[in-house]
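The values are calculated or read from the model by the stated rules, or taken from the named source; none is laboratory data. Here the structure is a predicted model, which is why all the values come from computation and not from measurement. Cβ placement follows ideal geometry from the backbone for every residue including glycine, while neighbour counts extend to all protein chains displayed.
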Amino acid sequence: MTAGPTRARAPTAAQQLALDLQVSLPAISIEPEWKAQQRLWGHSFHPMCSYLASFPASLSHAFIARYSRPGDVVLDPFSGRGTTPLQACAEGRIGVGNDLNPFAHLLTASKVEPATRAAAMTRLTQLRLGWHADAAEWTSLAGRVTEDPGATMIPSAGSRTTTASPTELVPVEVALAFHPETLGQLLYVRTSLRFDERTDRFLAAAITGILHGKSASYLSELMPNTFSMAPRYVREFAARTAFASPRRDVFDGLTSKLDRLFRQPGPSSEGVALLGDARDVAPRVSEALRARGRPDRARLVVTSPPYLRVVKYGYYNWLRTWFLGFDAKAIDATLDDAHHREPYLAFLRDVLAGLRAVLTDDAVVVLVIGDVETDRGRRIRGGIGLAERAWEQAAAPEGYRLAGVALDDVAAVRKMTKLWGDEAGRATKTDRILVLGATESGRRRALAAASLDIDWTWPPRSLRGL
Ligand SMILES: C[S@@+](CC[C@H](N)C(=O)[O-])C[C@H]1O[C@@H](n2cnc3c(N)ncnc32)[C@H](O)[C@@H]1O
């Protein structure tokens, strides 16, 4: 294990916390300034749709600004909603995101290969016109679904067919969530959009962000915006409260959402979004970058691997996955969440081993590791000290060099408390951020730039590099 330099002056807040928590790894002198930034700091595409366990764009920026230059490739093999690749593209880097969850892939792709404002608005107008031509049929179909979801078939997502080509049933909780006219519009839009086309995918991602939430800008008020409540809970809640969703216009809601998303110009560079397992990400990244005539190795990785706690990305997003035509159960069956510690560390080791082939020799790898003792009251074995174990059992054996550990205490507590209430706030210790070099030269680069001042002006006055 290699210790990074400690500064002679009084310990910073992060270092003090490290002492309090008896961190056995050396601290790296990176101030967690990302905690001090506004909630929506960063590019206006970031809040496209909420996503569980995502980190703030300001955290990505703290590392992108220190450890990459414009034109460099910045990779996140577990990209989630695309925070790191989007922020990288917005700062003139080539942001590459990979995720095994098709919903995460769609969100990442919509941000790093986005629609232009003009194309999005044109397509929206086209959809609105198409709706007016066929509204009667879709509204009638939605009325039948609302009356008897178990007996009414609808066309599948992305099939671009008419009401006359039904192939699937609507889950009863989906029918409950929307006013019948809103549901009619959603059925029409869901059938019309092609998720493999850039502009349609952008609109689909934007709709997932307004599908449910507790204000008039959302299409259903049945559930909060952060995640979908359990379907059984939703059914019982709707029955107990005689819930009837207010009528919301999908096209008006989407217009307002696009206005918010395009508050800033699109990211200055175009990135890459890949769908697949992080363990074999390297050849897919190289191939995709070469096909685009880009440098084929990443100089920086900023990522948070799946945590030890149970985050079922399909189950907690069932209304969004329904809209997109994805199978929530299939998503949860494939993702690597909810591991116990030893298989988790073996998984992480495999990921780091595979990653090496796509890293430059001076690459810096930043791993945000959740350090969680209990998850919503249930004890998670091996949660504490996970970052230390990740270093010893996954990164060191694969030849990575340790620059140090940075702490992200407040953000973690705030994040968990928001999701699960005070109990989680008490249970969460902290997130720890392992800063590694792919080689000794990467480690030295990590240490040399750790205490640099970062420009937190957003949007940036100019693109700055090291
Ligand atoms: C903690 S989240 C990352 C969130 C991300 N940093 C953000 O800001 O949105 C972990 C991600 O790992 C993904 N995942 C789980 N198993 C995976 C695997 N084997 N390969 C690639 N991605 C996986 C999940 O779908 C999830 O999006």
- request: Considering only residues that are hydroxyl-bearing (Ser, Thr, Tyr) and more than 15 Å from ASN98 (Cβ to Cβ), look in the range 258-309 and name the one that is nearest to the ligand (Cβ to nearest atom).
  value: TYR307
query: Conditions: (1) within 14 Å of the ligand (Cβ to nearest atom); (2) surrounded by fewer than 24 Cβ atoms within 10 Å (Cβ to Cβ); (3) polar (S, T, N, Q). GLN126 meets all but one. Number of the miss?
result: (1)
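Before we move on, is TYR307 of a type in the set (Ser, Thr, Tyr) and within 30 Å of LEU193 (Cα to Cα)?
For TYR307, the condition - of a type in the set (Ser, Thr, Tyr) and within 30 Å of LEU193 (Cα to Cα) - is not met.
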message: If a residue must be more than 21 Å from ALA205 (Cα to Cα) and of a type outside the set (Asp, Glu), how many such residues does the range 221-246 contain?
response: 16
message: Take ASP361 and tell me if it is more than 20 Å from the chain's Cα centre (by Cα), at pLDDT 90 or above and within 12 Å of the ligand (Cβ to nearest atom).
response: no
Residue list for the range 305-327, filter: modelled with pLDDT of 95 or more, assigned to a loop (DSSP other than H, G, I, E, B) and touching a Gly at 6+ places or on another chain (Cβ under 7 Å): GLY325
task: Identify all residues within the range 82-116 that are of a type in the set (S, T, N, Q) and either more than 9 Å from the ligand (Cβ to nearest atom) or touching a Leu at 6+ places or on another chain (Cβ under 7 Å) (or both); write none if there are none.
output: GLN87, ASN98, ASN101, SER110, THR116
message: Only one of ARG194, ARG247 is modelled with pLDDT of 95 or more, closer than 20 Å to ARG144 by Cβ and surrounded by fewer than 22 Cβ atoms within 10 Å (Cβ to Cβ). Can you tell me which?
response: ARG247
task: Consider LYS312 carefully, then state whether it is within 16 Å of the ligand (Cβ to nearest atom), out of contact with any helix residue (DSSP H, G or I) (no Cβ under 7 Å at 6 or more places or on another chain) and farther than 30 Å from SER68 by Cβ.
output: no
field: Breaking point among (1) crowded, with 16+ Cβ neighbours inside 10 Å; (2) modelled with pLDDT of 85 or more; (3) in a strand (DSSP E or B), for ASP371
entry: (2)
statement: Given the conditions (1) in contact (Cβ under 8 Å) with a residue 40 or more places away in the chain; (2) more than 29 Å from MET229 (Cβ to Cβ); (3) loosely packed, with under 14 Cβ neighbours inside 10 Å, every one holds for GLY293 apart from (1)
message: Yes or no: the range 68-81 includes at least one residue that is closer than 29 Å to LEU211 by Cβ, modelled with pLDDT of 95 or more, outside any strand (DSSP E or B) and away from the ligand (no atom under 13 Å from the Cβ).
response: no
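Table: residues versus (1) aromatic (Phe, Trp, Tyr); (2) part of a loop (DSSP other than H, G, I, E, B); (3) more than 13 Å from PHE251 (Cβ to Cβ).
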{"site": "LYS111", "(1), (2), (3)": "no, no, yes"}
{"site": "PRO114", "(1), (2), (3)": "no, yes, yes"}
{"site": "ALA119", "(1), (2), (3)": "no, no, yes"}
{"site": "LEU124", "(1), (2), (3)": "no, no, no"}
{"site": "ARG128", "(1), (2), (3)": "no, no, no"}
{"site": "ALA136", "(1), (2), (3)": "no, no, yes"}
{"site": "LEU141", "(1), (2), (3)": "no, no, yes"}
{"site": "ARG144", "(1), (2), (3)": "no, no, yes"}
field: Flag for SER58 being surrounded by 24 or more Cβ atoms within 10 Å (Cβ to Cβ), more than 12 Å from the ligand (Cβ to nearest atom) and either at pLDDT 95 or above or closer than 26 Å to ARG461 by Cα (or both)
entry: no
query: Within the range 208-227, is even one residue out of contact with any helix residue (DSSP H, G or I) (no Cβ under 8 Å at 6 or more places or on another chain) and among the hydrophobic types (A, V, I, L, M, F, W, C)?
result: yes
